[in-house]
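Novice: Before anything else, here's the structure in question.
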Amino acid sequence: RLPLCFSALPALFKEELRNEEAMEGEAVTLRCELTKAASVEWKKGHTVLKPSEKYKMRQKDVIAELVIHNLDESDA
């Protein structure tokens, strides 16, 4: 009997990030939805963002959110 081989489909964006507007000093939430639950890594350019006072990451099943606090021009 031949072994059964298959590869899992990758997680894709079901709902991609949208541009958001907010005032300097405020907070903004960026949200995306995946086609299946998977670990999300948030980046700014090539830099991986880590949880801090400025960046808060939340994820529940297929919904991932990044909250950026105390916005300034460099967050554009």
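Novice: Loop-only trypsin sites (Lys or Arg not before Pro) in the chain, please: DSSP not H, G, I, E or B, and at most 13 other Cβ atoms within 10 Å. Mind showing how you got there, number by number?
Specialist: Working: sites: ARG1, LYS14, ARG18, ARG31, LYS36, LYS43, LYS44, LYS54, LYS56, ARG58, LYS60; in loops: ARG1, ARG18, LYS36, LYS54.
The qualifying sites are ARG1, ARG18, LYS36.
Novice: Taking the Cα centre of the stretch 24-68 as origin and charging only Cβ (+1 Lys, Arg; -1 Asp, Glu), how large is the dipole, in debye to the nearest 20?
Specialist: Numbers: 9 positive and 7 negative charges, 35 e Å.
So the dipole magnitude of the stretch 24-68 works out to roughly 160 debye.
Novice: Hey, another quick one. Can you tell me the alpha carbon radius of gyration of the chain divided by the globular rule-of-thumb value 2.2 N^0.38 Å?
Specialist: 1.43
Novice: I need the semi-axes of the equivalent ellipsoid of the stretch 24-68: take the C-alpha gyration tensor, multiply each eigenvalue by 5, square-root it, list largest first in whole angstrom. Provide the component values of the computation, followed by the final result.
Specialist: Working: eigenvalues 74, 31, 16 Å².
For the stretch 24-68, the ellipsoid semi-axes come out as 19, 12, 9 Å.
Novice: Can you compute 3J(HN,Hα) from phi for each residue in the stretch 30-47, using the Karplus curve 6.51 cos²θ - 1.76 cosθ + 1.60 with θ = phi - 60°, rounded to whole Hz and x for Gly and Pro?
Specialist: 9, 9, 9, 10, 9, 6, 7, 4, 7, 5, 10, 10, 8, 10, 10, x, 9, 8
Novice: I've got another one for you. Compare LEU12, LEU66, LEU34 in a GNM of the chain, Cα atoms joined below 10 Å, and give the one with the largest fluctuation.
Specialist: LEU12
Novice: Continuing with the same structure: Short version: ³J(HN,Hα) in whole Hz for each residue of the stretch 15-22, in order, from phi by Karplus 6.51 cos²θ - 1.76 cosθ + 1.60 (θ = phi - 60°), x for Gly and Pro, what are they?
Specialist: Using θ = phi - 60°, the values come out as 9, 7, 4, 10, 5, 10, 10, 7 Hz.
Novice: Solvent-accessible area per residue for the chain at a 1.4 Å probe radius, Å²? Kindly include the intermediate steps, with their values, before the conclusion.
Specialist: Values: 6510 Å² over 76 residues.
On a per-residue basis, 86 Å².
Novice: Follow-up question, since we're still on this one. Name the residue farthest towards the positive end of the dipole of the chain from the options LEU30, ALA8, ILE63, assuming +1 on Cβ of Lys and Arg, -1 on Cβ of Asp and Glu, about the Cα centre.
Specialist: Toward the positive end, the furthest listed residue is ALA8.
Novice: Charges at C-beta only: +1 for Lys and Arg, -1 for Asp and Glu. How large is the resulting dipole of the chain about its Cα centre, in Debye rounded to 20?
Specialist: On the way: 12 positive and 14 negative charges, 147 e Å.
The calculated dipole for the chain is roughly 700 debye.
Novice: When only DSSP loop residues count, what chymotrypsin sites (Phe, Trp or Tyr not before Pro) in the chain have their Cβ near at most 14 other Cβ atoms within 10 Å? Display every interim value, and only then the final one.
Specialist: On the way: sites: PHE6, PHE13, TRP42, TYR55; in loops: PHE6, TRP42.
Filter output for the chain: PHE6.
Novice: In the chain, which longest range has no GluC sites (Glu not before Pro) that are both DSSP loop (not H, G, I, E or B) and surrounded by at most 13 other Cβ atoms within 10 Å?
Specialist: Counting only loop sites that pass the neighbour cut-off, the longest clear stretch is 54-76.
The values are calculated or read from the model by the stated rules, or taken from the named source; none is laboratory data. This one's a predicted model, so the numbers in the text were calculated from it and none came from an experiment. No Cβ is skipped: glycine too gets one built from the backbone with ideal geometry, and neighbour counts run over all protein chains shown. These area figures cover heavy atoms from the full protein model, side chains too; ligands, DNA and RNA do not enter into them. Shrake-Rupley method; radii C 1.70, N 1.55, O 1.52, S 1.80 Å.
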